[in-house]
């Protein structure tokens, strides 16, 4: 099944966070925060303004994003779980990967 998001919605694959802390402690499921990071799989055309013109999306397919903790709707897509979000639920785009503190340059 393929999905095409409508309006200002996007389909996001949720990226799971690390299950161990930097000191090596394994976190139990009850201590884990709900993931807020994902990869955009599909993007709608954008929302419409008062004149009916489409406002293009600032997010593109393939972008890695940070989204609000309780935003979106979870949907089962085959064997995968995806999230359908509005563009307003996106807090930031991930631009690069950050080196961990103390890593050699």
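The values are calculated or read from the model by the stated rules, or taken from the named source; none is laboratory data. What you see is a predicted model; the values in this text were computed from it and never measured. Cβ atoms come from the backbone with ideal geometry, glycine included; neighbour counts cover every protein chain shown.
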statement: Result of the Cβ filter at 8 Å on segment 34-62, keeping first residues that are without any contact (Cβ under 8 Å) to a residue 60 or more places away in the chain and on the phi > 0 side of the Ramachandran plot and partners that are surrounded by 12 or more Cβ atoms within 10 Å (Cβ to Cβ) and in a strand (DSSP E or B), at least 6 apart or interchain, is 46/54; 46/55; 62/39; 62/40
query: Within segment 67-94, which residues are surrounded by fewer than 13 Cβ atoms within 10 Å (Cβ to Cβ) and modelled with pLDDT of 90 or more?
result: 73, 74, 88, 91, 92
- prompt: On the given criteria, is residue 40 at pLDDT 95 or above and outside any loop (DSSP other than H, G, I, E, B)?
  reply: yes
message: Just to be sure I understand, how many residues within segment 64-79 are under 19 Å from residue 2 (Cβ atoms) and in contact with a strand residue (DSSP E or B) (Cβ under 7 Å, 6 or more places away or on another chain)?
response: 4
message: The conditions are (1) over 16 Å from residue 92 (Cβ atoms); (2) modelled with pLDDT under 90; (3) in contact with a strand residue (DSSP E or B) (Cβ under 9 Å, 6 or more places away or on another chain); (4) surrounded by 11 or more Cβ atoms within 10 Å (Cβ to Cβ), and residue 26 fails exactly one of them. Which is it?
response: (4)
- request: Can you run down the residue pairs with Cβ atoms below 7 Å, 6 or more apart or on separate chains, where the first is in segment 7-30 and at negative phi and part of a strand (DSSP E or B) and the partner is surrounded by 13 or more Cβ atoms within 10 Å (Cβ to Cβ) and at pLDDT below 70?
  value: 20/27
field: Tally, over segment 46-64, of residues that are surrounded by 13 or more Cβ atoms within 10 Å (Cβ to Cβ) and either in a loop (DSSP other than H, G, I, E, B) or within 17 Å of the chain's Cα centre (by Cα) (or both)
entry: 5
message: Can you confirm whether residue 84 is within 11 Å of residue 37 (Cα to Cα) and within 11 Å of the chain's Cα centre (by Cα)?
response: no
